[in-house]
Amino acid sequence: MALPSRSTVGYQSVCMETTLHRQLKALYAGPEACVEQRIAGFRIDAVCSDRLIEIQHGSLASIRTKIARLLESHEVLVVKPLVIRKQLVRLAKRGGREVSRRLSPKQGSLLDLFHELVYFTRVFPHPRLMLQAPLVEVEERRYPGHGRRRRWRRKDFVVEDQRLLAVTGVHQFQAASDLLALLPADLPDPFHSGHVADGLGIRRWIAQRIVYCLRQTGAAETCGKTGNALLYKRVA
């Protein structure tokens, strides 16, 4: 199975640190950590004792090389927040008044982690790496963009800021076997991606990404075929 391509983002964003990033950094760093440190040529969000903390709201692919380099000599905690609920706030203009507020119909889940992990399997797992996925509710403030609009979209919006409203749970992954806990409890042995899709109530292509991550991280391995579907078994 080939590595899936990344989907594109449907809106523009401002290249600056968001309030969400600062809030998570403060939450994870605590009062005794050193923030915004330079180590091995990289800027690190926080250093707590001997552990480096990197908050990554964006793609894990963009920090893959950075984390691999840091793991050569440091323990690293990568925090990948997953937005499960989003309050959309529309502004009249950048920094302007609030025009409307609504709940986004799109809701995330812990399984969204696999959409990012497919680009991070060359780094995870690693004995010095801890990956945490806090499930967060956020407020996203947008204003109308004035650049060239895409033909297939009625409007473009620029994200002015994102703010943390709540953390509803935190999930931790250190070994490849930790990913197996996200599989359906009644998954047969061996299994294929169709079993995963049916057990989790998700689309087949999402299940294929999950199985890809399991295989690439060593949590599962191929053990045959049934028809055109590859069969997998868990690796202890």
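The values are calculated or read from the model by the stated rules, or taken from the named source; none is laboratory data. Quantities reported herein were computed from a predicted structural model and do not represent experimental measurements. So basically every Cβ, Gly included, is an ideal-geometry build from the backbone, and we count neighbours across all protein chains shown. Protein only, heavy atoms only, side chains kept; ligands, DNA and RNA dropped before computing areas. Shrake-Rupley method; radii C 1.70, N 1.55, O 1.52, S 1.80 Å.
Quick look at the numbers
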read-out	value
14 Å beta-carbon shell around VAL170, net charge (K/R +1, D/E -1)	-1
Net length gained if the chain between LYS93 and GLU17 were fully extended (0.36 nm per residue, minus Cα distance)	25.4 nm
Length gained when the stretch HIS171-GLU75 is fully extended (0.36 nm per residue, less Cα-Cα span)	32.7 nm
1.4 Å probe accessible area per residue over the range 152-200, in Å²	55 Å²
For the chain, the longest site-free run once trypsin sites (Lys or Arg not before Pro) in DSSP loop states with at most 13 other Cβ atoms within 10 Å are removed	7-92
Sites ALA185 and ASP50 - FRET efficiency at Förster radius 35 Å, r taken between beta-carbons, to 0.05	0.40
Residues whose placed amide H lies under 5 Å from that of PHE157, excluding near-sequence neighbours	GLN12, GLY145
Choice from ALA176, ALA219, ALA40 with maximal GNM fluctuation in the chain (Cα, 10 Å cutoff)	ALA40
Residue-averaged [θ]222 nm for the chain, counting only DSSP H segments that reach four residues, each worth -39500 (n - 2.57)	-5500 deg cm²/dmol
The range 40-53 - phi-based ³J(HN,Hα) in whole Hz, Karplus 6.51/-1.76/1.60, Gly and Pro as x	6, x, 10, 8, 10, 4, 7, 10, 10, 6, 9, 9, 8, 10
Positive-end residue, the chain charge dipole about Cα centroid, Cβ charges, pick of ALA166, GLY108, SER193	GLY108
Solvent-accessible area of THR168 with every protein chain in place, 1.4 Å probe, in Å² to the nearest 10	80 Å²
Rg/Rg_ref, the chain, where Rg_ref = 2.2 N^0.38 Å and atoms are Cα	1.12
Simple label model, 7 Å out from Cα along Cβ direction - ARG203 to ASP178, nm	2.8 nm
Surface accessible to a 1.4 Å probe, LEU165 within the full protein complex, Å²	100 Å²
